[in-house]
Structures are given as structure tokens and as C-alpha cells.
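Worksheet: one structure, shown below.
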Amino acid sequence: MSGALEDAEVAGIIPYNYAARVKLPKKKRFEGTAYSKSQVKTLLEAAEEAGEPIRSAVVLGAIYGLRKSEACGLRWKDIDFEQGTMYIRNTVKTNGSLIVEEERTKTKKSRRMIALIPFTVPYLKELKETQERAGLTLDKVCVWPDGRRVRTDYLSKQFDRLIEKAGLPKVRYHDLRDTAASLLASTGDVTMKQLQDFMGHEDISTTMNIYVHVLDGEKQAASEAMDAIFSKEKP
């Protein structure tokens, strides 16, 4: 419309572009905050009580820093318990009534490998065994107990209910990524490059992206740092 009015102004049909003088209302921006270590523990306890699929979604979001699309898209074949790795390379999104799955991530950097965080391994193995006993196809990690797929919009709504019931400050599910990053950064044991690699962020700076490479040992350091935050056995 603005373009059409601009043409009309140039043609002398109208005195000025009316659209250019319209003041748009400011969109109120949601201000989320990262949870503290104690709040994440409360969240994990609430998620455990709530059961699947919200429990696995919370673990993947708060501990591994996965986006909703990544949590819903994570497959068992992307997890290698022997090698201790988790590959983030598949996403699931919802579009109205449709569930759209793509073997791709938000950005090239988002396609990443994460070293499994030790304190989560027993839970993940138990979840896989539970799905096996239920006769499920062992496709997605985050599914309903009967094998139904999880919608990303469901995660948002169910997460809101979960934190309200737990008495936690209101944040979005996506803010769990900020929580994971903040907790790792607070340890002082992880470099910014290690943190970038763990979170799958696109950039720290052009120089860092071009010249700095994260080694497998550094990937493990990020995993161990997160484990140390929640593990009962302190090093």
C-alpha cells in the first residue's frame, strides 16, 4: 500500500504519501529471563512429575539448549550412547494442522554435535527402554507415551502450565536456551567458542568463525561443565 501511495504522490494524484505519516503502535516485547540453577532444579523436578512428553522437552531445552523444533525433531538414531554424542540435524515445526519435518536446522551452525551430558544419560536410556517396551518404533525422543508426535505449539502451552504449577517466573520455552547458556557461562570453565559450539549460535564474530575451530575435547568440556552443575557428585 505504501508503495502504491508513493507512486500516487509522485504522479500528483495525492499531496503526500499518507502511509508514510502513519505512526505504528509499538509492539510490546516479552522480556524473558534465564533461570538460576535452583530454579532449573525445580523445573526438572516438576517436569519429572508431569511425565512425557514435557519432561524430555524440558531436559533437551534447559540442559542441552535445544530449540523447540530441535527437541521435537531429535531422533534416537541421532544419539549414540557408546560414543557419547548427540547430533542436532533434524527439526519439526507446526504449520496450522500440519507437522512439517525437515532434515535441516535453523542455520548451518545449528547443525551440530553435542557430547552427551553424563547425568542425563540414565534418564535418556530409561526413556528409550520404556518406548521399546511399549512397542514404539523408536523414532523421535520426545513423543507421547503412545507414540504420537509432539507439536511445537503444544510445548509452548504445556510449558506455560508447567512453570505456573511449579511457581516459577514466567519465561518462554525458548528462554531455556538462554538458561543453558547462562549456566554454562557462569561456571567460568567454558570458553565463548565452546559455548557458541554447544548452543549452535551462528556467530561470535567473523574472525572467531573463520579462524577458530572447536576440538572434540572442547566439546566434551562443555558437556562436563553442564554435568557438574547438576550432578550430585561434585568433582
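Looking at 156, 228, 76, which one has the Cα that reaches farthest to the positive end of the dipole of the range 37-230 (charges on Cβ: Lys, Arg +1; Asp, Glu -1)? Of the listed residues, the answer is 156. Diffusion coefficient of the range 37-230 by Stokes-Einstein, Kirkwood radius over Cα pairs, 25 °C, 0.890 mPa s: 144 µm²/s. Phi-derived couplings, Karplus 6.51 cos²θ - 1.76 cosθ + 1.60 at θ = phi - 60°, listed residue by residue for the range 57-68: 5, 5, 4, 5, x, 7, 9, 9, x, 7, 6, 4 Hz, with x used for Gly and Pro. With the highest mean first, a sort of the peptides 59-69, 40-50, 174-184, 130-140 on other beta-carbon atoms found within 10 angstrom per residue produces 59-69, 174-184, 40-50, 130-140. Quick check: Cα centre of the range 57-75 to Cα centre of the range 136-159, how many Å? Measuring centre to centre over Cα atoms gives 11 Å.
Throughout, read-outs are computed from the coordinates displayed, never taken from laboratory work. Only a predicted model underlies this, so the values are computations on that prediction, with no experimental measurement involved. Every residue, glycine as well, gets a Cβ built from its backbone with ideal geometry; the counts of neighbours run over all protein chains shown.
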